[in-house]
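Below is one structure; the comments refer to it alone.
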Amino acid sequence: MRAHRDRDVRKVVRNTLWTLGGTAITAVMMVPIYWMVISGFMTQKEMFHVPPYLWPVRPTLDVWKAVVASLAPSFLNSVIISLGTMTLTLLVAVPAAYAVAKLPVRGKGPFIMTILASQMLPAVVIAMPLFLLFSRFHLTNSLLGLILADSTFTIPFATLVLQAYMHNVPLELIEAAYIDGASKLRAFLSVVVPVSLPGIATAAIFGFLIPWGDFIYALTMVTNNNLQPLTLALYQNISQYRILWPNLMAGSALVALPVIIFVLAANRFISTGITAGAVKE
Amino acid sequence: MDGSPGVPHKRVRRNRGTRLWRSLGDYAFLAPAAAFAVLFLIYPLAYNINVSLRDFEIASLLGKPAPFVGLANFARVLDDSVFWKALSNTAIFTVASIAFQFVIGLLIALYFQKKFFLNAFFRAFLILPWLIPIISSANVFRWLLNVNGPLNFILIGLGLGSEPIGWLTDPHFALWAVTIANIWIGIPFNFVLLYTGLQGIPREQYEAARIDGANGWQSTVFITLPWLRPVIATVLLLGTIYTSKVFDVIWVMTKGGPANSSQVLATYTYQWSFELYHFGPGSAAATLMFLLIGTISVIYIRLARPGRAL
């Protein structure tokens, strides 16, 4: 009896110690994010106080209000660009991944090589020609232009992640659909898509989050202030004159906030997604 | 067509029409992506190379002809000392970032293999640095590394220096400043992949080793690391590719300065094309950058997977 209890106690103690360690590790990694958030509640002078405040001494919402007001017009732009990129990415990448994983299509090899090579393309390599190309077609300073630009990364990325998932769809399921008289499209929609839903969810998440944080394409292709996404607005408006640090921090926090909320809620899909895309091949 | 992987035998009257329709249908799945790839990946790359061989200025956008100049732009770039500075900075930045990101990510991944209370809860937070918009992270580090900011306060408080360091204003430190920020941003990428890789190692391996008398260290070296080799290879390859392309962090924190001390290939290329509007040399630099990354990747893949045809 006593031996049992001793072992249980030791287990609990060990568990607690490991959890404490985990807390410490996570806390250290979260320091920058924490600092970003609390700084929004301070004034410039408070931020420079020595020793630095670890907690807002006199929390004020003034900075947050000012920043929300200046960033608000760009919020909708970011939402449109991110939703648009996500949608385009899914529409293009999901069928393509299926073709790569399951269908006997000729030209698969070169296609995959292109996709892989595109991961090596620096954004600047694409930004310059896209800028010039879009200039000809009056797509600079357009949300559609940004959607297309962001998709140059998300579509290959999503295709890679999804084709790994779809490799695992059992052939028998697809065959069963064909035997039941389903057309190719029907088999795809009613069998492959539902089974690959976790992978599709991951592709959708990245298809949204990556454009949300995009900076370089916005920087190169948008000069019209009305069409700025949040990242560009944050870069230009807030730091125009002498740097107002609380504002900069609050603005950064606001732009990051949807991501933070979303990641904490949808964590499972994100981890498995990155791994599937990167490790399998 | 029939009987090949993915296409079951169809119990339908087969004639040439059906066969043609079937294969066309297959291509329909790939068509949008292929079209996209050609339009927005291959064409821009080809255009980029074309511009790099021409005297292409801002006026050329409005129709002024851009004469062919052969490799003159490339010569101009290769003659520029800043290019070489950017190249060496990129190498230092990449190697240092990856070294720290990988080791820290691996250590955290090993730690989190243990089942303890709130393990999954913490892992959700640990991925945030990588997914938060980079401009947000870069701004935070602009503050943390400010000459009057928290990091200097800690360093001086710990006795690691008597003077505050101008992380972003001193040419000796600017590259390290952006590297520090980039390390923080990249740790989760390594952590997630390594963690999942570790999860995939069958527990029986460790059981068997323990029976044979292996201790913790030996288990790690002789079981964990060999099993992780493919994951490690992937993490390092992708990490190298992604890190050598980094633009946002550096641009927001230092713009490559002061005095080109934190200039990397991505920012260098950007400045040629979008600040000086000399698209010719800009495209040449971009092409060189792509060739460099591509070459390193090919070499790496050949080394990591001998015998695998590419």
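To make sure I understand, if each residue's beta carbon is the centre and we count other beta carbons within 10 Å, what order do A:ARG5, A:ARG186 fall in, fewest to most?
Working: A:ARG5 9, A:ARG186 13.
Going from least to most buried by this count: A:ARG5, A:ARG186.
Can you give the FRET efficiency for B:LEU276 and B:SER162, using 1/(1 + (r/R0)^6), R0 = 51 Å, r = Cβ-Cβ distance, to the nearest 0.05? Walk me through the intermediate numbers first.
On the way: r = 41 Å, r/R0 = 0.80.
The value I calculate is 0.80.
At what distance in angstrom do the alpha carbon centres of segment A:39-88 and segment B:144-219 lie from each other?
Each part's Cα centre sits 27 Å from the other's.
Could you name the aspartates and glutamates whose alpha carbon sits less than 19 Å from that of A:LYS184, not counting residues in the same chain fewer than 8 places away?
A:GLU172, A:GLU175, B:ASP2, B:ASP26
Gaussian network model of chain B, Cα springs within a sub-10 Å range: biggest mean-square fluctuation belongs to which of B:LEU151, B:LEU61, B:LEU291?
B:LEU61
Would you mind computing, in nm to one decimal, how far apart the modelled labels at B:ALA46 and B:SER81 are, each placed 7 Å from Cα along Cα→Cβ?
4.0
If you count, for every residue in A:32-39, the Cβ atoms of partner chains within 10 Å of its Cβ, what is the mean?
Going residue by residue through A:32-39 and averaging, the value is 5.
When Lys and Arg each count +1 and Asp and Glu each count -1, what net charge do the other residues less than 13 Å away from A:LEU20, Cβ to Cβ, add up to? Write out the running numbers ahead of the final one.
Numbers: positive: A:ARG14, B:LYS114; negative: none.
Cβ neighbours under 13 Å give a net charge of +2.
If you put +1 on each Lys and Arg Cβ and -1 on each Asp and Glu Cβ, how big is the dipole of the protein assembly as shown around its Cα centre, in Debye rounded to 20?
Numbers: 41 positive and 23 negative charges, 346 e Å.
Computed charge dipole of the protein assembly as shown: roughly 1660 debye.
In segment B:215-240, which residues have a backbone nitrogen under 19 Å from the label point lying 7 Å from A:ASN168's Cα in the Cα-to-Cβ direction?
Only B:228, B:230-232, B:234-235 pass the distance filter.
Rounded to the nearest 500, what is the 222 nm mean residue ellipticity of chain A from helices alone, with -39500 (n - 2.57) per DSSP H run of 4+ residues and division by all residues? Kindly include the intermediate steps, with their values, before the conclusion.
Values: 13 runs with 211 residues, N = 281.
Helices in chain A give a 222 nm mean residue ellipticity of -25000 deg cm²/dmol.
Any idea how far apart B:LEU236 and A:SER183 come out in nm if each label point goes 7 Å out from Cα toward Cβ?
Reported label-point gap for B:LEU236 and A:SER183 is 5.1 nm.
Are there any chymotrypsin sites (Phe, Trp or Tyr not before Pro) in segment A:91-163 that are in a DSSP loop and have at most 16 other Cβ atoms within 10 Å? List them by number.
On the way: sites: A:TYR98, A:PHE111, A:PHE131, A:PHE134, A:PHE137, A:PHE153, A:PHE157; in loops: A:PHE137.
Filter output for segment A:91-163: A:PHE137.
What spacing in nm lies between the two simple spin-label points modelled at B:ALA304 and A:VAL9, each 7 Å away from Cα in the Cβ direction?
Those two pseudo-labels are separated by 5.0 nm.
Report the full-extension gain for the segment A:THR16 to A:THR87: residue separation times 0.36 nm, less the Cα-Cα distance, to one decimal in nm. Please list the in-between numbers first.
On the way: separation 71, 0.36 × 71 = 25.56 nm, distance 4.43 nm.
In short, 21.1 nm is gained.
Based on the mean of other beta carbon atoms within 10 Å per residue, what is the order of A:33-39, B:281-287, B:137-143, B:25-31, most packed first? Working shown, then result.
Numbers: A:33-39: 20.7, B:281-287: 27.7, B:137-143: 25.6, B:25-31: 18.0.
Descending mean neighbour count gives B:281-287, B:137-143, A:33-39, B:25-31.
Enumerate the amide H contacts of B:ARG54 below 5 Å, restricted to partners 5 or more residues apart or on another chain; note that Pro and chain-start residues carry no placed amide H.
B:VAL69
So which residue, out of A:ALA69, A:ALA27, A:ALA201, gets the largest mean-square fluctuation from a GNM of chain A using Cα contacts under 10 Å as springs?
The residue with the greatest mean-square fluctuation here is A:ALA27.
Read-outs throughout are calculated quantities, based only on the coordinates presented, and are distinct from any laboratory measurement. No experiment lies behind these values; they were computed from the predicted model shown. Neighbour counts run over all protein chains shown; Cβ positions are idealised from the backbone, glycine included.
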